[in-house]
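I'd like to ask you about the structure that follows.
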Amino acid sequence: MTEKTFQKKPGYYNEFPIFRVINLMKKNIGLQDSCLQTNEIAILYLEEQSLESGNNEIFIKELCSKFKVSLGIRDFEQFKSTLYKSYILQTYNLIEPFFKNINQTYRYYNNFDRDWKTQDDKGKNLDPFNQLLINLPKDKSQELKTYPEYFLFNYYRLVRNSIAHLQDSSNQHERTNEYFNNYIKCNIDFFKDNYEIIAPNSPESINFTDYILYTKSIKYFSNILNDLCFPSIHNLVILAQKDKNLQSKLNMTKTIKSDGMLLVRINTLRGFFHGHFNTNYKKIRDEFCKAYLEDEKVDCSKFL
């Protein structure tokens, strides 16, 4: 009997080398996670001690006096509600630049030389995430929209806008609620089953679980984005052919007269690949090297 292999939910694992911008995003999100989760422990402990004191108001006043803080909120529910909404803002401020970076990465590696669309067909400005979708090939864009996370990121962006721009747009909160009712409620069971988190919550009920879901989902879903944005071998070859530094190195073995010179050329191409991606994807690396040399009409079958 074959033993079943455990796969951690939601099971979004990358098949291609990870872009550096994704590793950087995960590092930044991880640092924020460690800070805010430690902060959550402190908040819950403070709330617990406040309840055990028997007099919440006196307890907070004594702490304010002890630590020389002029004012401390006594309503923990109001305090946590305000704080958790700020976590959504903070996370958005990490995720939005990431989407901008992944757009630039996609354009660079895929030799995207057309005008980058920043508006939809109706002339409405698009956020960076939806800019990516409108510029991707149609099949890839449609695939991304099949994931509940697509709606989740749009929702938390709207939540962020409701918090940050409440005074500027009277109907922003209404639009956020409408989006929650139309696109999020139907996916709550998916997030509960796959992320083991009871979230997302309605705009009025944003709490710590929303923050956890927001950060956890982008870390997993970035693997999907990575693979859909990863260039074809053909595009990698074009990128290499345009790289002046690589071409300068390859010129030293332009006329191949021995197996040794061919190996030097292959290793130079491998070094170029490793300069962009990690070393764990040797099969893709060597497919790139083979395609590059075949484009030069070089027989590399002895080594690749």
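Throughout, read-outs are computed from the coordinates displayed, never taken from laboratory work. Everything numeric in this text was worked out from a predicted model, so none of it was measured. No Cβ is skipped: glycine too gets one built from the backbone with ideal geometry, and neighbour counts run over all protein chains shown.
To the nearest 20 debye, what is the magnitude of the charge dipole of the chain about its Cα centre, counting +1 on the Cβ of each Lys and Arg and -1 on the Cβ of each Asp and Glu?
Details: 41 positive and 37 negative charges, 295 e Å.
For the chain, the charge dipole is close to 1420 debye.
Sticking with this structure for a sec: Of 27/192; 244/302; 27/85; 26/297; 61/216, which ones are farther than 30 Å apart at the Cα? Let's see the in-between values first.
On the way: 27/192 25 Å; 244/302 28 Å; 27/85 22 Å; 26/297 41 Å; 61/216 37 Å.
Distance filter (> 30 Å) returns 26/297; 61/216.
Would you list, by chain and number, the aspartates and glutamates whose Cα falls below 20 Å from the Cα of residue 80, excluding same-chain residues fewer than 8 positions away?
Result set, ordered by chain and number: 33, 40, 47, 48, 52, 57, 204, 210.
Mind checking which aspartates and glutamates have their Cα closer than 16 Å to the Cα of residue 117? Skip sequence neighbours fewer than 8 apart in that chain.
Residue 117 reaches 127.
Could you grab the relative contact order for the chain? Cα pairs under 8 Å, six or more apart, rounded to a whole percent.
With pairs under 8 Å counted, the relative contact order is 24 percent.
Towards the positive end of the charge dipole of the chain, with charges on Cβ (+1 Lys, Arg; -1 Asp, Glu), say which of 222, 92, 291 has the farthest Cα.
Farthest towards the positive end: 291.
Please report 38, 253 as a ranked list, fewest other C-beta atoms within 10 angstrom at the top and most at the bottom.
With the sparsest Cβ surroundings first, the list reads 38, 253.
Now a separate question. For the range 139-153, take each phi angle, set θ = phi - 60°, evaluate the Karplus expression 6.51 cos²θ - 1.76 cosθ + 1.60, and give the result in whole Hz per residue in order, putting x for glycine and proline.
5, 6, 4, 5, 4, 4, 6, 7, 8, x, 4, 4, 6, 5, 5
OK, next. Neighbour counts of other C-beta atoms within 10 Å: give me 75, 227 arranged from fewest to most.
Ranking 75, 227 by Cβ neighbours within 10 Å, fewest first, gives 75, 227.
Of the listed values (i) -0.41, -0.52, -0.62; (ii) -0.33, -0.43, -0.55; (iii) -0.30, -0.37, -0.45, identify the label whose number matches log10 I(q)/I(0) by the Debye sum over Cα atoms at q = 0.07, 0.08, 0.09 Å⁻¹ calculated from this model.
(i)
Only loop residues by DSSP count here, and only those with at most 14 other Cβ atoms within 10 Å; note down the GluC sites (Glu not before Pro) in the range 141-225 that meet that.
196
Just want the answer: with Cβ charges of +1 for Lys and Arg and -1 for Asp and Glu, which residue in 32, 303, 236 is farthest toward the dipole's positive end in the chain?
It is 303.
Follow-up question, since we're still on this one. To the nearest 500 deg cm²/dmol, what mean residue ellipticity at 222 nm is calculated for the chain from DSSP H runs of n ≥ 4 alone, each contributing -39,500 (n - 2.57), summed and divided by the residues?
Mean residue ellipticity, 222 nm, calculated: -21500 deg cm²/dmol.
In whole Hz and in residue order, list the ³J(HN,Hα) couplings for the range 176-183 that follow from phi through the Karplus curve 6.51 cos²θ - 1.76 cosθ + 1.60, θ = phi - 60°; x for Gly and Pro.
5, 4, 5, 5, 4, 5, 8, 10
Work out the charge dipole of the chain with +1 on the Cβ of Lys and Arg and -1 on the Cβ of Asp and Glu about the Cα centre, then indicate which of 55, 277, 248 is farthest towards its positive end.
My answer, from the dipole projection, is 248.
Check cross-link reach from residue 124 to the lysines: straight Cα distance under 23 Å, and skip same-chain residues fewer than eight apart.
Of all the lysines, those that pass the test against residue 124 - Cα under 23 Å, at least 8 places apart if same chain - are 100, 138, 140, 145.
Quick one: order 195, 292 by neighbouring beta-carbon count within 10 Å, fewest to most.
Ordered from fewest to most neighbouring Cβ atoms within 10 Å, 195, 292 come out as 195, 292.
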